[in-house]
1. Please report, in Å, the Rg and the Dmax of region 124-174, where both are computed over Cα atoms only.
2. Scale the Cα Rg of region 71-128 by the rule-of-thumb value 2.2 N^0.38 Å and send over the ratio, two decimals.
3. How charged is the neighbourhood of Tyr56? Take every other residue with its Cβ under 13 Å from the Cβ of Tyr56, and add Lys/Arg as +1 and Asp/Glu as -1.
4. When only C-alpha pairs under 8 Å and at least 6 residues apart count, what is the relative contact order of region 48-327, in percent?
5. Suppose the chain between Val165 and Ala297 were pulled fully straight at 0.36 nm per residue; how much longer would it get relative to their current alpha carbon spacing?
6. Filter the chymotrypsin sites (Phe, Trp or Tyr not before Pro) in region 213-303 down to the DSSP loop ones having no more than 13 other Cβ atoms within 10 Å, then list what survives.
7. Under a crude label model (7 Å from the Cα following the beta-carbon direction), how far is Phe141 from Leu173 in nanometres?
8. Step through the residues of region 230-237 one at a time and calculate ³J(HN,Hα) from phi using the Karplus curve (6.51 cos²θ - 1.76 cosθ + 1.60, θ = phi - 60°), rounding each to whole Hz and writing x for Gly and Pro.
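Every number in this text was worked out from the coordinates using simple rules, so none of it is lab data. None of the values given here were measured: they were computed from a predicted structure. All Cβ positions, glycine included, derive from the backbone under ideal geometry; neighbour counts span all protein chains shown.
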Amino acid sequence: MVLRKHRKTERFLRWSLLAAGVLIFGALMRRVGLGALARMFHDADKGCWILAVFLYFLSMLFRGQKWYLLLSTVQKIRFGRFFPMYLVNNVMGTITPVKSGEAVGPVLFKRYLGIELGHGFSVFLIDRIFELGFILISLGFSFVYLALNVPMPALLYQSILIAFVMTVFVLALMFAVLFVERWGYGMTDMFIKWFRHGRLQRMFTAMREELNHFYTFRKNDGVTRTMFPLFLLTGLAWLFQFIAVWLVVISLLPVDFWASLAAQGIAIPISIVSMIPAGIGISAVGYQSIMALFGYAYEPVVGAALLSKILFLGLIFISGWLSSLCLNRPEVR
């Protein structure tokens, strides 16, 4: 009964966050105006859009390659067989807060590839570490770039600084738990003792078991050799994603790349903290807020941000849907 109630609450929160994002997105569209968005769509340089979609797909391909490299250290698999599963997994991450839905990936890998759940979750954790690391790097760049180029209000400056410090702290804590066994076991044992009964104790007990799988997986020589390729692939994936968004924006108005990069570097953490799936609506607000500091007008920037979100979400869902059809084919299984 308690577990059922918790699941209902979790489902309610998830749908509430998604609804909040849709409402923000709709409010932005209404403020810009459907007519204005239609004119932007008509006047946009479609060549930039084609290149943007291609680069965004490459960023998805590079992120899939990271998972593939890690999974290949425990079992030999074909990339063509693996990648459709990753694209389906990518959709699950997009429609859930903080991309938590990507945790369904290990279940897919077990069902279609026969890879143990523990290994799949270890891959998920390592990927999160690299992704958060580059989010931190981009946030640091954004903070420095804004401090050097824009006279910011004190409140905004302090807010960005607090967000940066919190991100550094969370990432440092994650690294400590995931790469120092004594810290990882010590923290989970502490929480197990605190929560002597109920679901939280079961959760931290399961977490301790997963940490054990992770530490065993991390000691694999093959995993160690993938660290530099993972760093390189993560960097390329983020770079191509940043360029893709910038290309959509410059299809409507001339925008400095570094200013766009700084705005994206802050909009992404805002989206994560908001817990809204895919940062629907809130990412456009964050992007426009920073671009306004550089003197760019409200309507074209928000319009470009909304159109880029529609474009890339469409790519994610279409590729995921086509991939799900491939998964149902006997030859893929």
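1. Reported Rg and Dmax, both Å: 12.5, 40.
2. For region 71-128, the normalised Cα radius of gyration comes out at 1.04.
3. Local charge sum for Tyr56: +2.
4. 32
5. Result: 44.5 nm gained on full extension.
6. Here no chymotrypsin sites (Phe, Trp or Tyr not before Pro) fit, given the DSSP loop and packing criteria.
7. Label-label distance for Phe141 and Leu173, simple model: 2.7 nm.
8. So the Karplus estimates, Gly and Pro as x, are 5, 4, 5, 5, 5, x, 5, 4 Hz.
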